[in-house]
1. Sort out which residues of the range 126-149 are part of a helix (DSSP H, G or I) and open to solvent by less than 70 Å² (accessible area, probe 1.4 Å), and write them in order of number.
2. Which pairs have Cβ atoms under 6 Å, sit 6 or more apart or on different chains, and link a residue in the range 106-118 that is under 28 Å from Glu134 (Cβ atoms) to one that is of a type in the set (D, E, K, R)?
3. Would you check if Asn107 is open to solvent by 70 Å² or more (accessible area, probe 1.4 Å), of a type in the set (S, T, N, Q), part of a helix (DSSP H, G or I) and touching a helix residue (DSSP H, G or I) at 6+ places or on another chain (Cβ under 8 Å)?
4. Out of Ile10, Ile15, I need the residue that is over 19 Å from the mean Cα position of the chain (by Cα) and surrounded by 15 or more Cβ atoms within 10 Å (Cβ to Cβ). Which one?
5. Does the range 181-201 contain any residue that is within 13 Å of Gly77 (Cα to Cα), modelled with pLDDT of 90 or more and open to solvent by less than 90 Å² (accessible area, probe 1.4 Å)?
6. What about Thr61, is it hydroxyl-bearing (Ser, Thr, Tyr), without any contact (Cβ under 8 Å) to a residue 60 or more places away in the chain and open to solvent by less than 20 Å² (accessible area, probe 1.4 Å)?
7. Just checking, which of Thr51, Thr72 is of a type in the set (Val, Ile, Thr), open to solvent by 60 Å² or more (accessible area, probe 1.4 Å), out of contact with any strand residue (DSSP E or B) (no Cβ under 9 Å at 6 or more places or on another chain) and at pLDDT 95 or above?
Amino acid sequence: MNFSFDNLVIHSESIKERSIRVRSKFKKEWVEAVDEFSKFYVSLETSPKSTLRNVKLLLSTRFFNHVFSSLTLAEAGLLADAIVCERSSIETLAGYKLVCVAPDHANKYNTDKFPKPVEVRKKLESLGFTEEVENIRGVYKSASGITHLNRDHERFSMDWENENTGVLNIGGAYDQTDIEHMIWFLPKLIHWYLMPIKKNG
């Protein structure tokens, strides 16, 4: 397959043009989610300065950027890469929830001793937040199944024409169903991030 940088840019822009129409279907959901996150962010910024407040701001910035990156990549038809960002947003969400219920972990983050993602989930579980962890684990596992190198990943990288030949999706591909699902799902992650964590549900 022959391709050039200029052609890749043209290809990507053509996918984005079609994706914008999909995004418009969910504009209300995105506006509400970003407005709520903005209010939350301002409340953090204006709270008394502390290590806990600073770590919450950093995690919240990281989380939002992962979600926005996922949207950007999904709209470019780079779905596997969008899911990588989605998975990273889930890791950050879990870390934020842990800092909320165990504020001493803000100091661990500050001193580069913050637990790994699997340890974050175990810690939340040990503190009694089993349903929250089940939800985190479920989304993370689903995303990992696609982002790890396996056959599930292939549908984002190529389209089979028949059992012997297929088209490789260099620079992404437009798939309305997958793009629409991502654009629909991501604002829900923002609302989840803002929801107070509750023990055992």
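The values are calculated or read from the model by the stated rules, or taken from the named source; none is laboratory data. Because the structure is predicted, anything quoted here is derived from the model rather than measured. Using ideal geometry, Cβ is built from the backbone for each residue, glycine included, and neighbour counts are taken over all protein chains shown. Remember, those area values only see protein heavy atoms, side chains included, never the ligands or the DNA or RNA. Shrake-Rupley method; radii C 1.70, N 1.55, O 1.52, S 1.80 Å.
1. Thr130, Glu132, Val133, Ile136, Gly138, Val139, Tyr140, Ala143, Ser144, Gly145, Ile146, Thr147, listed by residue number.
2. Cβ pairs passing all conditions: Phe114/Lys108; Pro117/Glu91.
3. Against the criterion (open to solvent by 70 Å² or more (accessible area, probe 1.4 Å), of a type in the set (S, T, N, Q), part of a helix (DSSP H, G or I) and touching a helix residue (DSSP H, G or I) at 6+ places or on another chain (Cβ under 8 Å)), Asn107 qualifies.
4. That would be Ile15, the only listed residue that is over 19 Å from the mean Cα position of the chain (by Cα) and surrounded by 15 or more Cβ atoms within 10 Å (Cβ to Cβ).
5. Yes: one or more hits.
6. It is false that Thr61 is hydroxyl-bearing (Ser, Thr, Tyr), without any contact (Cβ under 8 Å) to a residue 60 or more places away in the chain and open to solvent by less than 20 Å² (accessible area, probe 1.4 Å).
7. The conditions single out Thr72.
Per-residue answers, yes or no, for (1) among the basic types (Lys, Arg); (2) modelled with pLDDT of 95 or more; (3) in contact with a helix residue (DSSP H, G or I) (Cβ under 8 Å, 6 or more places away or on another chain):
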site	(1), (2), (3)
Lys25	yes, yes, yes
Lys28	yes, yes, no
Glu32	no, yes, yes
Asp35	no, yes, no
Phe63	no, yes, yes
